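Student: One structure coming up, written as structure tokens, with questions to follow.
Nothing in this text is a laboratory measurement; each read-out follows from the coordinates by a stated rule. Given the structure is predicted, the values throughout are model-derived calculations rather than measurements. Positions of Cβ are backbone-derived with ideal geometry, glycine not excepted, and every protein chain shown enters the neighbour counts.
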Amino acid sequence: MVVLPLIVLSIGCDAVEGLVSSGPGPVAVAQAALTEGRLDDARQAYTQAAQADPEDVDAATGLAYLHLLAGDYASAESTLAAVLPTSGLRAGEVELRRALVAYESGDLDGVKAHGIASGRAAGRLLAGEVDLADGERDAARASFDIAKDDPGAVGAVAARYLAILSDPDPRVVGLAETQALWALGRRQTAVRSVEDLVLAYAETHPDGPEQILLWAGRAAAIGEGDVATALLDTLTVPPPGQSWRVAATRAIVRCAEGDGPGCRAALASVKPVAPEEGYEDAVVTAATALAARDVGAARTLVQGVGGDASARLLAALGDRTAALRVAEDPFLRGAL
């Protein structure tokens with residue numbers, strides 16, 4: 001089974017097209033195979049295209065992406081580095097992909113260096129998060145100030161970082177650093193430091209309850225039940241329409257603690273009042289947490305839940321047949 005990296009957790013044709021380029025000729029054939037989940041065919045086609053033209057950026061980025069899917073970060077980086085000198089106007093695109101490879105491999109210095117070199121808003125956002133996680137607030141502000149001009153989601157995230165960093169309460173400013181730690185994959189560290197910070201944020205911001213619930217859910221998902229429970233206990237009045245999320249998060253905590261029967265019972269009480277998609281996400285998150293203690297119980301819990309998130313979990317738990325049955329995206333089915 002191919003290990004799927006974090007940057008494609010929301011797998012689909014749109015995600016694939018955002019990470020690899022679709023050029024003409026052999027590369028188009030490779031791209032078609034990739035989006036259809038025929039990874040072996042895609043790898044062969046990209047390899048042939050790259051060998052035929054070592055300066056083909058589309059071939060190199062596609063091949064690097066397949067190395068990334070296989071967890072071969074060194075090959076992904078070397079493939080991109082080799083095409084960079086002849087990439088011309090597409091050098092920024094190549095550097096941004098190098099930043100993503102560095103992110104997946106845990107090389108935060110590389111994330112920052114390649115992010116800045118990319119000249120792209122997304123690259124500056126990544127660089128700012130690295131600086132913020134390292135406590136370099138001024139450098140982070142400089143990157144976010146560039147990234148905020150992006151008209152899409154990148155700009156919105158950068159603007160939110162800047163707003164929190166400008167708060168007069170130093171505890172609220174600390175929440176921005178915690179968010180950056182979470183975004184960069186240092187999730188245990190982020191959750192263990194967040195309680196006082198997010199409660200301080202909630203004292204002066206109208207979306208405080210939503211932030212408390214968000215961080216409680218994150219804590220529950222990674223097995224930090226004490227943090228999740230402490231945060232939930234402060235929500236005397238949940239955000240409007242979110243009572244089911246409070247109950248679902250408490251159920252996830254029980255799963256993380258290994259209480260499979262209690263978790264299942266709690267989730268059953270949530271099902272009638274939760275949106276279908278929200279309920280299924282809660283079940284998959286709960287089963288993921290439970291798997292650390294009881295793989296069999298986790299597999300049983302997620303049975304009957306469709307969708308790609310469920311398929312990825314079932315595959316990780318060793319049930320490829322069940323995963324293929326519920327997977328919806330052809331790319332994911334090819335990767336399992």
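Student: For 67, 205, 114, what's the fewest-to-most ordering of other Cβ within 10 Å of each Cβ? Walk me through the intermediate numbers first.
Tutor: Values: 67 21, 205 18, 114 27.
Neighbour counts put them in this order, fewest first: 205, 67, 114.
Student: Which order, highest average first, do 26-37, 117-128, 269-280 follow once you tally other Cβ atoms within 10 Å for each residue and take the mean per peptide? Before the final figure, lay out the partial values.
Tutor: On the way: 26-37: 20.3, 117-128: 23.7, 269-280: 14.1.
Peptide ranking by packing, descending: 117-128, 26-37, 269-280.
Student: What does the charge count around residue 97 come to, taking other residues whose C-beta lies under 13 Å from its C-beta (Lys +1, Arg +1, Asp -1, Glu -1)? Don't jump to the answer; show the numbers that get you there.
Tutor: Details: positive: 90, 98, 120; negative: 58, 77, 93, 95, 104.
Net charge in that neighbourhood comes out at -2.
Student: What does the net charge come to around residue 83 if you take all other residues with beta carbon closer than 15 Å to its beta carbon, with K and R at +1 and D and E at -1?
Tutor: Numbers: positive: 90, 97, 98; negative: 53, 55, 56, 58, 77, 93, 95.
Residues close to residue 83 contribute a combined charge of -4.
Student: Grab the other residues whose beta carbon is less than 10 angstrom from that of residue 64, score K and R as +1, D and E as -1, and report the net.
Tutor: Numbers: positive: 97, 98; negative: 72, 77.
So the surrounding residues net to 0.
Student: I've got another one for you. Please say if the chain is rounded, prolate or oblate, where rounded means a/c under 1.5 for a ≥ b ≥ c the square roots of the C-alpha gyration tensor eigenvalues, and otherwise the choice is prolate for a/b larger than b/c and oblate otherwise? Mind dumping the intermediate values first?
Tutor: On the way: a/c = 2.45, a/b = 1.26, b/c = 1.94.
Judged from the Cα gyration tensor, the chain comes out oblate (a/c at least 1.5, b/c at or above a/b).
Student: In debye, nearest 20, what is the charge dipole magnitude of the stretch 269-336 about its Cα centre with +1 on Lys and Arg Cβ and -1 on Asp and Glu Cβ, if you could check? Don't skip to the end; give the middle numbers.
Tutor: Values: 7 positive and 9 negative charges, 61 e Å.
In debye, rounded to 20, the stretch 269-336 gives about 300.
Student: Got the relative contact order for the chain handy, in percent, Cα pairs under 8 Å and 6 or more residues apart? Don't skip to the answer; put the middle values down first.
Tutor: Details: 520 pairs, mean separation 39.5, N = 336.
Once divided by the residue count of the chain, the mean separation gives 12 percent.
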